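Undergrad: Take this structure first; my questions come after.
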Amino acid sequence: MISPNHYILTWQCPDNSGVLAKVSQSLFEHGAFITETSQYSDPYTESFFSRIAFDDRNLTVSASEFIEALDTLAKPLSMEYKLRNKADVPNVVIAVSKDDHCLVSLLTKWKSGALPINIVAVMSNHQDCQALVDWHGVPFHHFPITTETKAEQEAKILTLMKETKADLLVLARYMQILSDDLCQQLSGRAINIHHSFLPSFKGARPYHQAHARGVKVIGATAHYVTANLDEGPIIAQEVKPINHTFTIEQMVHMGHDLEATALSHAVRIHAEQRVCLNGDKTVILA
């Protein structure tokens, strides 16, 4: 017995009566067997978002004819969509500096099959993590950077992504600020982890800032990279309560766990096409 191919269709359009029915009817007419569906209607932006998983056990047309039907449907609905075979997981390049806790989490979850991605390379402006990356059998690229070589170094990052056919750049505690130009080129294709519960305590040394303010919770925020530092659309956040007895060192250690968890979660749901951009925010289609 031949196993069916599984597909994921994520789409969004202006919200009007019947949009979900029209898409569902088209899938039905072409024999798509729906296995999962999630949708959201945003009353503020008047936009509709949907994620539909289906298989081709009863598909009555070829893949190219199916895409042609979607194109025909999308135009009058002003619909943007992304369709892919579930088995075609995204290629990912990870950028890291010296701290390896987020990198360890990503590599471990990828190796165990918990992350539906293909890590094609790790790049760093330092060599501290090279032994770890080599042990996992992933190509390591050392791209040192100075103020004078920033443009050249970022060009190498783009070249690496092109050569590895990378769909996503993950900044796993990569302690460099990307240029506005690189942020624009990677819009929606770069995820960063900030060691703070944004929007509070942006920039450097957030745990020191939080300790000085006597916060009662600490957290970590995974978000898409934009030219505005640490202000990109939020994908996932993790938070834990603390009190006045916590030292900065304890906050940092707890924060490392939160950072690794939030980043891995964000990468997973991005890879599963559960994240839709909605202006400066995201819609998560769980």
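The values are calculated or read from the model by the stated rules, or taken from the named source; none is laboratory data. Everything quoted here is computed from the prediction, not taken from an experiment. For neighbour counting, all protein chains shown are included, and Cβ atoms are generated from backbone atoms with ideal geometry for every residue, glycine included.
Undergrad: If a residue must be closer than 14 Å to His101 by Cβ and acidic (Asp, Glu), how many such residues does the stretch 244-286 contain?
TA: Qualifying residue count for the region: 2.
Undergrad: Can you confirm whether the stretch 92-113 contains a residue that is more than 18 Å from Ile157 (Cβ to Cβ), hydrophobic (A, V, I, L, M, F, W, C) and assigned to a loop (DSSP other than H, G, I, E, B)?
TA: Looking for residues that are more than 18 Å from Ile157 (Cβ to Cβ), hydrophobic (A, V, I, L, M, F, W, C) and assigned to a loop (DSSP other than H, G, I, E, B), one finds none in the stretch 92-113, hence no.
Undergrad: A further question on this structure: Quick check, is Ser105 assigned by TED's automatic domain parsing to the domain that holds Leu178, hydroxyl-bearing (Ser, Thr, Tyr) and buried (at least 18 other Cβ atoms within 10 Å of the Cβ)?
TA: So Ser105 passes the test.
Undergrad: Only one of Val133, Val138 is within 14 Å of Val170 (Cβ to Cβ), in the same structural domain as Ala222 (by TED's automatic domain parsing), in a helix (DSSP H, G or I) and over 18 Å from the mean Cα position of the chain (by Cα). Can you tell me which?
TA: Within the list Val133, Val138, the selection yields Val133.
Undergrad: Sticking with this one: Within the stretch 198-213, is there a residue that is at pLDDT 95 or above and either among the hydroxyl-bearing types (Ser, Thr, Tyr) or surrounded by 15 or more Cβ atoms within 10 Å (Cβ to Cβ) (or both)?
TA: Checking the stretch 198-213: not a single residue is at pLDDT 95 or above and either among the hydroxyl-bearing types (Ser, Thr, Tyr) or surrounded by 15 or more Cβ atoms within 10 Å (Cβ to Cβ) (or both).
Undergrad: Which of the residues belonging to the stretch 253-283 are in contact with a Gly (Cβ under 7 Å, 6 or more places away or on another chain) and under 22 Å from Met79 (Cα atoms)?
TA: Leu277
For every residue, the table says whether it meets (1) part of a loop (DSSP other than H, G, I, E, B); (2) of a type in the set (A, V, I, L, M); (3) surrounded by 13 or more Cβ atoms within 10 Å (Cβ to Cβ); (4) over 20 Å from the mean Cα position of the chain (by Cα).
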{"residue": "Leu9", "(1), (2), (3), (4)": "no, yes, yes, no"}
{"residue": "Ala21", "(1), (2), (3), (4)": "no, yes, no, yes"}
{"residue": "Ile34", "(1), (2), (3), (4)": "no, yes, yes, yes"}
{"residue": "Glu65", "(1), (2), (3), (4)": "no, no, no, yes"}
{"residue": "Thr72", "(1), (2), (3), (4)": "no, no, no, yes"}
{"residue": "Leu83", "(1), (2), (3), (4)": "no, yes, yes, no"}
